[in-house]
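Below: the structure, in structure tokens.
Please treat every number below as a calculation from the coordinates, not as lab data. Small disclaimer: the values here were computed from a predicted structure and weren't measured. Ideal geometry is used to build each Cβ from the backbone, glycine not excepted, and the neighbour counts take in all protein chains shown.
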Amino acid sequence: MCKKPIGIFDSGVGGTSIWHEINQLLPNENTIYLADSKNAPYGSKGKDAIIDLSIKNTEYLLNQNCKIIVVACNTATTNAIDYLRKNYPVPFIGIEPAIKPAALQTKTNAIGILATQGTLSSALFSKTASMFSKSVNIIEQVGDGIVDLIETGKLQSPEMKALLTIYLTPLINANIDHLVLGCTHYPYLMPLLLDILPKHVKIIDSGQAVARQTKTVLQQNNLLNTEINTKKNTFLTNGNPKIISTLLKSTYLVETCNF
Ligand code: DGL
């Protein structure tokens, strides 16, 4: 049993979609969530800059005594998790676009991946995509501007709907039957996505899988917290706390801090 917190970080507020899944599956665990909104979006930055920001976030969380780090950001995972695993002594859980289930289930042989430039251009993404791209048409779409709109509180805005329509129309025309959400900000777009996409298109996101993997790794390392009723969830942001509070839809206190 280990009361130390799970550390979770993202370029901003999107990783709270992962925090929700972890909180549901592991109700006894203490958590610290770090939203690096000041530096969002990561998706348009180069690999070295993404690694540097991931180091900064990791070291902050390790200084808070975290027992495991969840990189709740596809862009940081696909560019920096190898570096983090080699250089820090705690387990790391990452998230990357769920190409495999979409590729195995498609009936139209066409799947869409909506993700950041940083994720789609990473070696890790290319490696996974190349395992399926001979048999399945994988259509990549960069979601430029989506994270910026979410980070400025324009989740349900006419601008967002217009942007998503531009990005999704070519995918719909290519007859995709699965859309993989390759960014942890995107699950919050679900109402708009359902509105724009044809009914038969299945939307895949990896949040629950990340929570299950977190539980497995905690068990394997004897790090699960089995003590009940002592739970503490801390949310830290270096951006506007209102944005993250709105997404949490609850009374969790969001603290502003410099990191
Ligand atoms: N939530 C991050 C991800 O999963 C957003 C990346 C960004 O800041 O551009 O990729």
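Remarks
- The simple Förster model, with R0 at 30 Å and r as the Cβ-Cβ distance, assigns Tyr88 and Asn137 a FRET efficiency of 0.20.
- Counting Lys and Arg as +1 and Asp and Glu as -1 over every other residue whose Cβ lies under 10 Å from the Cβ of Asn28, the net charge comes to 0.
- Selection from Leu168, Leu179, Val210, by position along the positive dipole direction of the stretch 148-216 (Cβ): Val210
- What separates the Cα centres of the stretch 99-134 and the stretch 136-212 is a distance of 14 Å.
- On the principal axes of its alpha-carbon atoms, the stretch 70-228 has extents of 48, 40, 29 Å, going from largest to smallest.
- For the stretch 99-104, the Karplus equation 6.51 cos²θ - 1.76 cosθ + 1.60, evaluated at θ = phi - 60°, returns couplings of 5, 4, x, 5, 5, 6 Hz by residue, with Gly and Pro reported as x.
- Annotation: the residues His178, His200, His185, sorted from fewest to most other C-beta atoms within 10 Å of their own C-beta, follow the order His200, His178, His185.
- For the chain, built as a Gaussian network whose Cα springs stay under 10 Å, the top-fluctuating residue of Asn30, Asn173, Asn79: Asn173
- Leu218, Leu62 arranged by Cβ crowding within 10 Å, fewest neighbours leading: Leu62, Leu218
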